[in-house]
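Step one of this worksheet: look at the structure below.
The values are calculated or read from the model by the stated rules, or taken from the named source; none is laboratory data. None of these values were measured; they are calculated from a predicted model. Here the Cβ positions follow ideal geometry from the backbone for every residue, glycine too, while neighbour counts run over all protein chains shown.
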Ligand code: GRF
């Protein structure tokens, strides 16, 4: 399958997916990386793997809809079959969802349906849960609410700082996201 990865920040999940493909653990190709923050480290990670990275700066578009239309143009141009959101920090519109029905995956750093939205690791940490985790799910219009594809549980240890917990969750993200993509592709 031909993938696109959408990222806003560090792109460590992008790297994990690109590495899984490189290692032959995931039969897919990342045709393009789309990023919206000019200094996103995801761009460098894409370059490292020889993947074209295209900046679509949301500040250049007058609405969420206009931004999504520009993204759809690129996805069509690269014949993308499955869209992978990996730290994409923009709320999407129905236009993007309709252009790729059940073909957009996202990863969220909590055990959904708990702790939706932003700062979810901090929310879980402050709540005092003893187990949290991460979830790969289908993208839906309502944030962090689409069908769950795969989850990993992560313990919160008594001596954990927020940063410790964040790291432990990211380790699991990097394991389950490539696996979830492979499993999902096998059902298509
Ligand atoms: C991840 O924690 C993911 O769950 C959330 O954004 C973060 C992206 O990290 N949606 P990275 O850019 O892949 O390093």
Next item on the list: Could you check how many residues of the stretch 1-20 are over 12 Å from the mean Cα position of the chain (by Cα) and within 14 Å of the ligand (Cβ to nearest atom)?
Entry: 3
Next item on the list: Sort out for me the helices (runs of 4 or more DSSP H) sitting completely within the stretch 73-188 that have 1 or more residues that are closer than 16 Å to residue 16 by Cβ.
Entry: 162-187
Next item on the list: Mind listing just one residue for me: the one in the stretch 41-55 that is touching a strand residue (DSSP E or B) at 6+ places or on another chain (Cβ under 9 Å) and part of a helix (DSSP H, G or I) and, of those, nearest to the ligand (Cβ to nearest atom)?
Entry: 42
Notebook entry, point to check: Any residue in the stretch 21-40 that is in a loop (DSSP other than H, G, I, E, B), within 13 Å of the ligand (Cβ to nearest atom) and at positive phi?
Noted result: no
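Every residue, every condition in (1) crowded, with 19+ Cβ neighbours inside 10 Å; (2) within 13 Å of the ligand (Cβ to nearest atom); (3) within 27 Å of residue 69 (Cβ to Cβ), yes or no:
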{"residue": "116", "(1), (2), (3)": "no, yes, yes"}
{"residue": "132", "(1), (2), (3)": "yes, yes, no"}
{"residue": "135", "(1), (2), (3)": "yes, yes, no"}
{"residue": "142", "(1), (2), (3)": "no, no, yes"}
{"residue": "148", "(1), (2), (3)": "no, no, no"}
{"residue": "151", "(1), (2), (3)": "no, yes, no"}
{"residue": "160", "(1), (2), (3)": "no, no, no"}
{"residue": "167", "(1), (2), (3)": "no, yes, no"}
Notebook entry, point to check: Do we have any residue at all in the stretch 91-106 that's farther than 27 Å from residue 43 by Cα and within 15 Å of the ligand (Cβ to nearest atom)?
Noted result: no
Notebook entry, point to check: Only one of (1) under 18 Å from the mean Cα position of the chain (by Cα); (2) modelled with pLDDT of 95 or more; (3) closer than 18 Å to residue 8 by Cβ is not met by residue 111, so which one is it?
Noted result: (3)
